[in-house]
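What follows is one structure encoded as structure tokens, with my remarks underneath.
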Amino acid sequence: MTNSISLIKATLENTEAICNLINTAYRGENGWTKETNIVSGQRTNIEDVKSLLKSENSHLMIAIKNTRIIACICVDRNDDQAYIGSFAVEPTFQNSGIGKIILHLAEEYAIHELGSKELVMVVISQRSELISFYERRGYKRTGEIEDYPVHLNVGTPVLEGLTIEYLKKFTCHAI
């Protein structure tokens, strides 16, 4: 099944499904990517997803199986750097290898289509299992740590002292 996974560009018609996918993957009851024990509230909203879709620097992509969106990922171009975010896999498809494939496809897109030399992502520092997932794929912790961005309306920390940190991967290494 995972060999046939591909990414296509999302459209405004996909907005609600993408919003639901991201919120289910991170703030739902199932899946290993859920953050419900450390953050409450929605991870994203309809307007944020629409904003990504309308931005000329954002490339929001989806994977579809049987007419259902099962994963999404966004690559934001900023000069030679690509920021990877809004990465979610439907909980029933997690732990099947789809996430690895989606990330790899997004990285290839960033390198070959956007000319990115560096890949960047932001992860909640307390999500050690998620950071380990990215480290196994070549990302390195930068040491750049900030307070959890409550002002971005991406949920309310349940844990005191919640932080985010930046991970980077240089594209001169084989992907």
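Report those strands (runs of 3 or more DSSP E) wholly inside region 50-101 carrying at least 3 residues which are in contact (Cβ under 8 Å) with a residue 24 or more places away in the chain and among the polar types (S, T, N, Q).
On the way: elements: 58-65, 68-78, 81-89.
Because the criterion is at least 3 residues that are in contact (Cβ under 8 Å) with a residue 24 or more places away in the chain and among the polar types (S, T, N, Q), no strands (runs of 3 or more DSSP E) in region 50-101 meet it.
Here is a list of conditions, (1) touching a residue at least 60 places away in the same chain (Cβ under 8 Å); (2) crowded, with 16+ Cβ neighbours inside 10 Å; (3) of a type in the set (G, A, S), and S125 meets all of them except one; can you say which number that is?
(1)
Any idea which residue in region 31-74 is surrounded by the most Cβ atoms within 10 Å (Cβ to Cβ), counting only those that are over 18 Å from L12 (Cβ atoms) and β-branched (V, I, T)?
Among those residues, the one meeting the criterion is V39.
Would you mind listing the strands (runs of 3 or more DSSP E) fully within region 110-175 where at least 1 residues are at pLDDT below 95?
Filter on region 110-175 gives 163-170.
Please go through region 150-175 and pick out each residue that is more than 16 Å from the chain's Cα centre (by Cα) and not aliphatic (A, V, I, L, M).
Answer for region 150-175, where residues must be more than 16 Å from the chain's Cα centre (by Cα) and not aliphatic (A, V, I, L, M): H151, N153, T156, P157, E160, G161, T163, F170, T171, C172, H173.
Got a number for residues in region 109-122 being among the acidic types (D, E), surrounded by 16 or more Cβ atoms within 10 Å (Cβ to Cβ) and over 9 Å from Y83 (Cα atoms)?
Qualifying residue count for the region: 0.
The values are calculated or read from the model by the stated rules, or taken from the named source; none is laboratory data. Quick caveat: nothing in here was measured; it's all calculated off a predicted structure. Here Cβ is always computed from backbone atoms with ideal geometry, including for glycine, and neighbour counts include all displayed protein chains.
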